[in-house]
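The values are calculated or read from the model by the stated rules, or taken from the named source; none is laboratory data. Treat the numbers as computed from the prediction; the structure is a model and nothing was measured. No Cβ is skipped: glycine too gets one built from the backbone with ideal geometry, and neighbour counts run over all protein chains shown.
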Amino acid sequence: MDTLALLANGFVAAATPTNLTFALIGCVLGTLIGVLPGLGPAAGTAILIPLTFNLDPTGAIIMLCAIYYGAMYGGTITSVLINVPGEAASVITCIDGYEMAKQGRAGTALAVAAIGSFIGGCISTIALTAVALPLAQLALKFGPVEFFALMVVGLSLVIGLAGKSLAAALLMTVFGLLIAMVGIDPVRGAPRFTFGVEDLLDGVGFIPVAMGLFGISELMLAADSRLLKPISTRISSLIPSRREMRDCAGSIGRGTVIGFVLGLIPGVGAVIPTFLAYVLEKKISKTPERFGKGAIEGVAAPETANNAYANAAMVPLLALGIPSSPTIAVLMGAFIINGLTPGPFLFQERPDLVWAIIASFFIGNVILLALNLPLVGLWAKLLRMPYHYLCTGVLLFCILGAYSLKQSVFDVWVMLGFGVVGYLLRKLDFPLAPAILALILGPIMERSLRTTLEISGGSFAIFLDRPIAMVLLAIAAAVIVTVAFSPKAIEAVSEDAQ
Amino acid sequence: MILGRALVRCLAVLALLIATAAGAAEYPTKPIQLLVMFPAGGSTDIGARIVASIAEKELGQPIVVVNKSGAGGQVGWTEMSRAKPDGYTLGFINLPGLNTIILDPERKAVFKADSFAPIINQVVDAGIIWLKADSPYKTLGDLIEAARQKPGQITACTTGILSDDHLAILMMEEAAKVQFRIVHFDGGAQQMTAILGNHVEVAFDNVGGIVKRVQSGEVRALAVMDPARSKFLPDVPTTPELGYPTVLSNSTRGIAAPKGVPANVVKRLEAAFTKAMENADHVKKMEDTGLAIKVMTGDEYRKYYQDLHAKAAKYTEWARSQQR
Amino acid sequence: MSATMRRGWRVATIVLFALSIFTIHQSVELSLMDRLGPGPGFFPFWLALLGALLSLILFVEVHRTRPEGPAIPLMPRGPALGQVSLIVASIAVTAALLEPLGFRLAMLLFNGGLLFAMGERRWWAVALFAVTGSFGVYHVFNNWLDVVLPVGRLGI
């Protein structure tokens, strides 16, 4: 009962013309940041923190949260239009989103992403207001042991992304994991596979790798096929048809649940929810063969999960004071600069502020939808640009993005190298998504296993005492066993790609 | 209203910038890059952005904070050690993190202790030992007693291998003749999750990050590892008070330049940053986040840097020998 | 699988196999296990072993299939090869020039050069795109977004 009254007060505080202006500016800036590859949400938010120095705390936080959401959505736009993920959470959207664009359905893909994001974000915020505190406590049960188990489940599901050959998908997973090993060892600090190159100390960044494997290789393939024409000359209806909306209603629902639940667990990151949502859709679909060929569910589910995650990830921050992703850490820094330390005491000390922020999440989601739906047509029209302009523009964009990530030319070379590798592997029909996902999951997996063993003093028996970890590992084992030992499953997997 | 005021302020700053830039041809004549070796939003980054926003008005040129995080700072310090010593590339040095990277042969760092010219220290953040409020260990004595009963079984976590927290655990083990089971995390957030979720028993950390949580009663601080009590937590005893005068640990961060930076540039920077750090706005913003300001410049800071390096050498070697 | 595709897979699996063996060799030099559990070499070692095994399986699998279908050339030839190389070369040249020339000049060259090479002959369109995509982008990033882009030896 109190909650509703508090939330109502929050709306009153958040919906002042000044704050609405901040939310609007934040959404616009955020979308821009998301669109620019390399300038991910974390870096973008950090850059804009000084802008908020002179604002009052409520306005500052509202603006930064809006930037955060805007960036999460903006990343989708480039994924769909040019196969270049603007940020990590949009990697999986490339698979079907870009296919849709090639079929002239870019508008539909972007509209569905906007609608799904809106629904996922709003439901997630409602759930946040209702159950934030108890759930946040429960999520703390996820320690390094459980994390390792969760990563194993994630990798076992990579099989769900397999194309023609299961062995090829696994080999690509191993390839991605090995790339993830480059750099300073996360536990002991010893450099591995750096061959004396200092730029490799911090490892191979996955944004340049993703831009190379997906974006650059795509342009090379297009040049190769001698089809020097716009990706799509025809743009069908921008608004999804009623049938398409019905198709993805379930996907949006499932995406919301996955995004919200995983958002509660500190440290999961935005990628895993999107990718689990995608694999789940493919698994339960009656027509899994459509995935990878422009299935609208393949855009709706991950994009919804992405935004549901973004909103739910505020729960550990507000309820426990724990930032669950780099971007949230930046937001936490902004809170602190403005004299507020997030955590349970913040609810007691400044309930007015906390509820105004929660209310602003709703407002931010509405603004984002209102802002993006009309723009969808404009974005889609970009694809009508003559090919050589589009190609030059995209490459310019990629070089700029790769460079600005760490202000390093080395990342441009990494991008180019993986562009060539991606081009060759795609020629041979090797699946690339498992490699990029393994690159993201690998470091978390290695780190959590080794931390687990530090806690147990080197004994693997620790897994037996942890029920959550046992259940997760059992799920992973079941997934692998069913695929490996059922000829039917292998057939189903190999049919996917044909 | 507020937006309008902010705009006026921005314009004022802009006008000032133009005026100063036009008047003086001496250093600085173009924007200065300030490297921060940790991710945006962390406490080093916050401190850097606060001081940069004030010092740029003193210097009359924008100071751009650039995050070059990775490998515990090694990536950024490598770059800084190679930058031109013209005063347009400055960087934060976090001690003793920088020292242990230099001292640990496994890290194969390309920079040495004298690759950097310390200019001014900003923050000193004392070490602190804390655990969850419902932990059975009420005092440091309880904890040490338990560690004595169960050698190598009480889990104690750090914010990174060879961080100041790691060295602090080693000092405690040496002083109390006990052994902990050391668990390394990536930073404060992971450490907090692990303690609140009962995955690890005790944390070695710094005061700055947890003042609010101690005050709210969520966690219990056992001891501050500093000769004097923290002004943010006056009720928490210090390690010397509890009989461990050798267990002293802190983390400091300040601004340095690549070696060979001209003396006039150092002087200009010292003056500008001293003024910025003494600015009331800077003091208030830093103290709100629980960070104690300690301005050290010139010989004082350089001596501090060298003494610390010698002390860190001993524990780095010991930490490495334990692993084998 | 066509004959050309078969050849491609064989080459790819051999390369990946060699890469795995090299990684195994490198990981054993790092410590695999010590008193405190798995060392830095633990994960790379087992992963590379798995990688070697998988690439071997794939090689054998491909070897046992028979070529079918027409042998469509896998790699581009003629003008298509030119277009593909143009993309790779333009990025490589720009990456090499980014720091010596600075972002603005390197990008001016990149935009103008690539557009011209791809057949655009309207000089005003090339110039407009090239200037916007170099000086314009620099202005937005450097001045509005606070992202430092390289300034070359000529001072711009």
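Values computed for the structure shown
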{"quantity": "Residue within the range B:175-196 that is surrounded by fewer than 24 Cβ atoms within 10 Å (Cβ to Cβ), out of contact with any helix residue (DSSP H, G or I) (no Cβ under 6 Å at 6 or more places or on another chain) and closer than 17 Å to B:Pro237 by Cβ present", "calculated": "yes"}
{"quantity": "A:Ile367 vs. criteria closer than 29 Å to B:Val219 by Cβ and either surrounded by fewer than 24 Cβ atoms within 10 Å (Cβ to Cβ) or at the interface with another protein chain (Cβ under 9 Å from one of its Cβ atoms) (or both)", "calculated": "no"}
{"quantity": "Residue list for the range C:22-33, filter: out of contact with any helix residue (DSSP H, G or I) (no Cβ under 6 Å at 6 or more places or on another chain) and either in contact (Cβ under 8 Å) with a residue 12 or more places away in the chain or of a type outside the set (Gly, Ala, Ser) (or both)", "calculated": "C:Phe22, C:His25, C:Gln26, C:Val28, C:Glu29, C:Leu30, C:Met33"}
{"quantity": "Sole residue being surrounded by fewer than 21 Cβ atoms within 10 Å (Cβ to Cβ) and either within 14 Å of chain A (Cβ to nearest Cβ) or farther than 24 Å from A:Phe195 by Cα (or both), chosen from B:Gly87, B:Gly73", "calculated": "B:Gly87"}
{"quantity": "Matching residues in the range A:380-393 - criterion: being in a helix (DSSP H, G or I) and within 10 Å of another protein chain (Cβ to nearest Cβ)", "calculated": "A:Tyr387, A:His388, A:Tyr389, A:Cys391, A:Thr392, A:Gly393"}
{"quantity": "Hits in the range A:398-419 - residues which are among the β-branched types (Val, Ile, Thr), touching a residue at least 60 places away in the same chain (Cβ under 8 Å) and either closer than 16 Å to B:Glu79 by Cβ or at the interface with chain C (Cβ under 7 Å from one of its Cβ atoms) (or both)", "calculated": "A:Val412"}
{"quantity": "Which numbered condition A:Pro144 fails, given (1) surrounded by fewer than 22 Cβ atoms within 10 Å (Cβ to Cβ); (2) at the interface with chain B (Cβ under 10 Å from one of its Cβ atoms)", "calculated": "(1)"}
{"quantity": "Residue that is surrounded by 12 or more Cβ atoms within 10 Å (Cβ to Cβ), in contact (Cβ under 8 Å) with a residue 12 or more places away in the chain and either assigned by TED's automatic domain parsing to the domain that holds C:Ile24 or among the hydroxyl-bearing types (Ser, Thr, Tyr) (or both), where the choices are C:Ala52, C:Ala127", "calculated": "C:Ala52"}
{"quantity": "Hey, C:Leu47 assigned to a helix (DSSP H, G or I), buried (at least 21 other Cβ atoms within 10 Å of the Cβ) and outside the structural domain of C:Gly119 (by TED's automatic domain parsing) or not", "calculated": "yes"}
{"quantity": "First in the range C:1-17 and assigned by TED's automatic domain parsing to the domain that holds C:Ala52 and assigned to a helix (DSSP H, G or I), second anywhere and of a type in the set (Lys, Arg) and modelled with pLDDT under 95, Cβ under 7 Å, 6 or more apart", "calculated": "C:Gly8/A:Lys427"}
{"quantity": "Residue ranges of helices (runs of 4 or more DSSP H) in the range A:279-354 with at least 2 members surrounded by fewer than 24 Cβ atoms within 10 Å (Cβ to Cβ)", "calculated": "A:326-337, A:344-349"}
{"quantity": "Residue within the range A:185-197 that is within 14 Å of chain B (Cβ to nearest Cβ), in contact (Cβ under 8 Å) with a residue 12 or more places away in the chain and among the charged types (D, E, K, R) present", "calculated": "no"}
{"quantity": "Scan of the range A:457-473 for residues that are assigned to a helix (DSSP H, G or I), within 13 Å of B:His199 (Cβ to Cβ) and in contact (Cβ under 8 Å) with a residue 60 or more places away in the chain, ordered by number", "calculated": "A:Ile462, A:Ile468, A:Ala469"}
{"quantity": "Every residue from the range A:86-141 that is touching a Gly at 6+ places or on another chain (Cβ under 7 Å) and outside any helix (DSSP H, G or I)", "calculated": "A:Gly86, A:Glu87, A:Gln103, A:Arg105, A:Leu140, A:Lys141"}
{"quantity": "Residues located in the range B:97-117, provided they are within 14 Å of chain A (Cβ to nearest Cβ) and assigned to a loop (DSSP other than H, G, I, E, B)", "calculated": "B:Asp104, B:Lys108, B:Ala109, B:Val110, B:Phe111"}
{"quantity": "Residues located in the range B:103-152, provided they are of a type in the set (Asp, Glu) and surrounded by fewer than 13 Cβ atoms within 10 Å (Cβ to Cβ)", "calculated": "B:Asp114, B:Asp134"}
{"quantity": "Residue identified as out of contact with any Phe, Trp or Tyr (no Cβ under 7 Å at 6 or more places or on another chain), modelled with pLDDT of 90 or more, crowded, with 17+ Cβ neighbours inside 10 Å and assigned to a loop (DSSP other than H, G, I, E, B) among B:Val266, B:Val224, B:Val236", "calculated": "B:Val236"}
{"quantity": "Subset of the range B:71-96 [touching a Ser or Thr at 6+ places or on another chain (Cβ under 7 Å) and either part of a strand (DSSP E or B) or not assigned by TED's automatic domain parsing to the domain that holds B:His309 (or both)]", "calculated": "B:Phe92, B:Asn94, B:Leu95"}
